[in-house]
1. So if I place +1 on the C-beta of Lys and Arg and -1 on the C-beta of Asp and Glu, and nothing else carries charge, what would the dipole magnitude of the chain be about its Cα centre? I want it in debye, nearest 20.
2. For the charge dipole of the chain, defined by +1 on Lys and Arg C-beta atoms and -1 on Asp and Glu C-beta atoms about the Cα centroid, which residue among P172, L217, N148 has the Cα displaced farthest towards the positive pole?
3. With every protein chain left in place, what is the accessible area per residue of segment 17-373 in square angstrom, probe 1.4 Å?
4. Amide H to amide H, which residues 5 or more places from L280 or on other chains are under 5 Å from it, using H placed in the peptide plane?
5. Quick one: Karplus J couplings for segment 252-264, per residue in order, coefficients 6.51, -1.76, 1.60, θ = phi - 60°, nearest Hz, x for Gly and Pro?
6. Taking amide H positions as placed in the peptide plane 1.01 Å from N, state which residues far from W270 in sequence (5 or more) or on other chains have amide H under 5 Å from it.
7. Can you sort K221, K297 by solvent-accessible area, 1.4 Å probe, largest first?
8. Choose one answer from A371, A31, A232: the residue with the largest mean-square fluctuation in a GNM of the chain with alpha-carbon springs under 10 Å.
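The values are calculated or read from the model by the stated rules, or taken from the named source; none is laboratory data. Bear in mind that the values here come from a model prediction, so they are computed numbers and not experimental data. Note that we place each Cβ from the backbone using ideal geometry, even for glycine, and neighbour counts take in every protein chain shown. These accessible areas exclude ligands, DNA and RNA; they are computed on the full protein's heavy atoms, side chains included. Shrake-Rupley method; radii C 1.70, N 1.55, O 1.52, S 1.80 Å.
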Amino acid sequence: MTSTGGGEPLTENFIKYDRLEELKEFDESKAGVKGLVDAGIARIPRIFVRPPEELASDHPNSGDPTNTQFTIPVIDLGDTMGRRAEVRASVQRAAETAGFFQVVNHGIAKRVLEEMLEATRRFHELPTEVKAEYYTRDQAKKVLFESNFDLYQSKFANWRDNVFCVMDPEPPEPEEFPPVCRDITIEYAKQVRKLGITLFELLSEALGLTTDHLLELDCAKGQAFLLHYYPACPEPQLTMGTSKHSDPDYLTILLQDHVGGLQILHQDRWIDVHPLPGALVINIGDLLQLLSNDRFKSVEHRVLANSVEPRVSIACFFTPKHYPSRIINGPIKELLSEDNPPVFRETSVQELIASFYDKGIGGNSTPRAIARFKLQQSTEY
Ligand code: OGA
Ligand code: NI
């Protein structure tokens, strides 16, 4: 036990501080992280500070600006029919190695991307009392404003607010959206679904399956959005915009603005996903790693906090979470053989999803949730 010079010994509770009380206070403000910044704080509250054990498990090169050996592939999706073999090969290589790639000439107009980013910014920059009407932890809501959905489970809170919405298979009524981002979110969701279908077709072919195999498994059916806002942070080195995690879905399509901060873990090094104007970032999720019997890689990633300016990004998750599918998710039978035995066991969508969410975003990473479905123990995860 530590003692102060002759006075009261410091009890464990005193050292730990009343974290729950501070979490509640933050939650009840309904103002999110942006609310703290608007209040002019110079130091971040303790609930956002990465604890020492979290820092210790970080990777040694974190933040090393000379880390440039590897770059995330950029794939041109123009004329995917005419250039099929080339595009398919690039998608396959990226899905099997980096697990992340950027796409250009993807068919979504620049105007739509810009408007989606702007609408997200507009919502988060509304007065607190307007946003507070949408603030809730009620997961049954189809559109909601939140900060740290896993606030009470995670080891530290992230420097980020977001709007969550389910867009497919049962989208919200238009009136459920905040008017400042309503029309464009509906429009963008339509266009991103089309791109998702193209990607699932290419990924099916890359696995040697028929073009519509993944679509027939309903991979493109459930669609959920997060409209992220990462306010500028007065002490960015003490916290994270988004903790290290892999995505518990089939595939994610991410639209990011010019600010940067997204990094992926590749061969034990953090690699920046540099913003590329007009491009979209694609990554394989845990469910597709499982379906593909470990051929496609769902890679861990994170977002650094920054002190310069707010960052906006929009993630579209293709996920069965909000879609009552009865399909059993194990590795696809057609991919298995004597030489290629199953790496993962069969499971249900319900079990898979529950295991990914039971510890919150930062807590699910070590060991990764997907490791629970491995047939043989491996240290790889
Ligand atoms: C996510 C995510 C990255 C970003 O929402 O799962 O990883 O750049 N987002 O916001
Ligand atoms: Ni992610």
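1. About 300 debye.
2. L217
3. Values: 14980 Å² over 357 residues.
Value for segment 17-373: 42 Å² per residue.
4. When sequence neighbours closer than 5 places are left aside, the close amide H contacts are V103.
5. Whole-Hz 3J(HN,Hα) from phi for segment 252-264: 10, 10, 10, 9, 10, 7, 7, 6, x, x, 6, 9, 10.
6. Those lying under 5 Å, H to H, from W270 are N61.
7. Sorted descending by solvent-accessible area, the residues read K221, K297.
8. It is A371.
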